[in-house]
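Asker: After the C-alpha cells below, expect a handful of questions from me.
Every read-out reported here was derived from the displayed coordinates using simple, explicitly stated rules and does not represent laboratory data. On a predicted model such as this, the values are computed, not experimentally measured, just so you know. With ideal geometry, Cβ positions are generated from the backbone for all residues, glycine too; neighbour counts draw on all protein chains shown.
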Amino acid sequence: MADDIGTPPSSRRTVLQGMAAGLVTAAAVAPHDAGAASAPATDTAAPLVNPETRYPRPPFPRQSQPWPGLAGKMDPRPDHGEKSYRGSGRLAGRKALITGGDSGIGRAAAIAYAREGADVAIAYLPQEEPDAKEVIDLIRAAGRKAIAIPGDLRDEQYCKDLVAKAHAELGGLDILVSNAGRQVHQASIVDITTEQFDETFRTNIYALFFLARAAVPLMPPGSAIIATASVNAFSPSEILLDYSATKGAIVALVKSLAKQMVPKGIRVNAVAPGPFWTALQVSGGQTQDHIHQFGAETPMGRAGQPAELAPVYVLLASAEASYITGQVYAASGGTGVG
Ligand code: NAD
Ligand code: MG
C-alpha cells in the first residue's frame, strides 16, 4: 500500500527562502560526517579530498543480517550523502521513481534527486520500512514530495501498480531508476537451486522489463531510464554466477532499449558499480571473508560508499546528458571495466 507523505508547503518555502537569502553553508563541511543536515545548494565547491583515504578501508567487522538487511544496522553505517550531498537545481520539478530507494545506491540517488529538486517515489520491501522511513524524511527535509510504495518486485502486478501509482501520485513520471537487486553467493553451480536462479532473474531482470514496459508509455520526451548493472556484467565473480548473468542481461537490455527509445526521446543508460558498502553485501551477497576484506582488491584498496555514485545517477537523469544514451557508467575504485 502506498504511503504518500506529501511535502508541507512551509518547509519548501523555508528552503527556497534560505537559498534566496544566501544562507548557505561554508566550504568547511567535512566530506563524510559533518555539515548541515540539509546540505543546501552553495556556490562553493566541496573541499578537496584525497579519494583514496576519504572513506573507511578494510578490514571491516564481520557481520551478517537476514535478507534483505538494513543499512541502519551496518557497521560502519554506509554514507549515502545524508550530510554531504549538495544540490544545485539540476532536476528541479522532475518526477522520479527509484526501486530499492530505501538503502544503499538507491538511497544515495533518492537523496541526491530530492536535493536537486525532484519529487521522489521509492519502492522497497515491507521489511525495510525503518530504512525507508529515514529516506522519506530526508526527501521531505529537502522540501520535496516523497512517496513510499512498498512491495515485491518479483510480482509482475506489483511492478505495474508501482509505476501507475508513482505516476499518479507524483503527477507524472520522467525518471525511472530500476535499481533493486538480489545477490546470493554460491561456491558452485551445483549449489544454486532453481528457486534461487528464478528469484535472482525475477528481481534483477524481469522487474526491469516489467517496470520499463509500464513506464515508457507514460514518459514524455526528455525522460530517462537508468538501470543498476554491475562490474559483474563484464568481469563476473565465480561465486556470483546467476547474479552476474542478470547483470549482463541488464546491459544488453539497456543498450537495445536505448536504440528503440530514441524516437520517443527517452534516454536509457546503466550504471556498473564495483564493490559498494551496502546491505546487499552483508545479507547473503558475500562470504564473511569477502565482507572482512571488502574492496581491498581494487586499486584504491577500499570499498565505495553509495554517496560516491549519486552524481552519476544525477548526470544520467539530467537534461545536460541529452547525447548520452545506451551507455554503461562504471565506478569501481580504479578497476577498469570492459
Ligand atoms: P541494497 O540492499 O541497499 O539495495 C538493494 C535493494 O533491492 C533493497 O534495498 C531492496 O529494497 C531491493 N530489493 C531486493 N529484492 C527485492 C524485491 N524482491 N522486491 C522489491 N525490492 C527488492 O544494496 P545495493 O548494493 O545498494 O543494491 C542496489 C543495486 O546495486 C542492486 O541492483 C545491486 O545488484 C547493484 N550493485 C551493487 C553493488 C555493491 O557492491 N553494493 C555492486 C554492483 C551492483
Ligand atoms: Mg534495503
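Asker: Can you pull out the residues in region 84-125 that are within 14 Å of ligand 1 (Cβ to nearest atom) and surrounded by fewer than 24 Cβ atoms within 10 Å (Cβ to Cβ)?
Answerer: Within region 84-125, Leu125 is the sole residue that qualifies.
Asker: Follow-up. Residues in region 276-293 that are part of a loop (DSSP other than H, G, I, E, B) and surrounded by fewer than 23 Cβ atoms within 10 Å (Cβ to Cβ): how many?
Answerer: Final tally of qualifying residues: 3.
Asker: Still on this structure, I have one more. Tally time: how many residues in region 140-154 are in contact with a strand residue (DSSP E or B) (Cβ under 8 Å, 6 or more places away or on another chain), farther than 15 Å from Glu169 by Cα and surrounded by 24 or more Cβ atoms within 10 Å (Cβ to Cβ)?
Answerer: Selection size over region 140-154: 1.
Asker: While we're here: Could you count how many residues in region 276-297 are away from ligand 2 (no atom under 12 Å from the Cβ) and within 14 Å of the chain's Cα centre (by Cα)?
Answerer: Final tally of qualifying residues: 2.
Asker: Would region 127-138 turn up any residue that is more than 16 Å from ligand 2 (Cβ to nearest atom), touching a strand residue (DSSP E or B) at 6+ places or on another chain (Cβ under 9 Å) and in contact (Cβ under 8 Å) with a residue 24 or more places away in the chain?
Answerer: Checked region 127-138: no residue is more than 16 Å from ligand 2 (Cβ to nearest atom), touching a strand residue (DSSP E or B) at 6+ places or on another chain (Cβ under 9 Å) and in contact (Cβ under 8 Å) with a residue 24 or more places away in the chain.
Asker: Here's another thing I want to ask about it. How many residues are assigned to a loop (DSSP other than H, G, I, E, B), within 16 Å of ligand 1 (Cβ to nearest atom) and farther than 20 Å from Arg107 by Cα when one looks only at region 156-194?
Answerer: Result for region 156-194: 3.
Asker: Still on this structure, I have one more. Could you list, ordered by first residue, the pairs with Cβ atoms under 7 Å in which the first is in region 78-93 and free of Cβ contacts under 8 Å to residues at least 40 places away in the same chain and the second is crowded, with 21+ Cβ neighbours inside 10 Å and outside any loop (DSSP other than H, G, I, E, B), at least 6 apart or interchain?
Answerer: Taking only residues 6 or more apart or on different chains, not a single pair turns up.
Asker: Taking Glu199 and the conditions (1) crowded, with 21+ Cβ neighbours inside 10 Å; (2) within 23 Å of Leu97 (Cβ to Cβ); (3) within 11 Å of ligand 1 (Cβ to nearest atom), which numbered condition does it fall short on, given that it satisfies the others?
Answerer: (1)
Asker: Restricting attention to region 254-267, does a residue exist that is of a type in the set (Val, Ile, Thr) and in a loop (DSSP other than H, G, I, E, B)?
Answerer: Scanning region 254-267 turns up at least one residue that is of a type in the set (Val, Ile, Thr) and in a loop (DSSP other than H, G, I, E, B).
Asker: If you don't mind, another one. Where residues in region 206-232 are closer than 13 Å to Gln183 by Cβ and part of a helix (DSSP H, G or I), which of them is farthest from the chain's Cα centre (by Cα)?
Answerer: Top of the filtered list is Asn232.
Asker: What do you reckon, is Thr335 in contact with a helix residue (DSSP H, G or I) (Cβ under 8 Å, 6 or more places away or on another chain), surrounded by 19 or more Cβ atoms within 10 Å (Cβ to Cβ) and part of a loop (DSSP other than H, G, I, E, B)?
Answerer: Criteria not met by Thr335.
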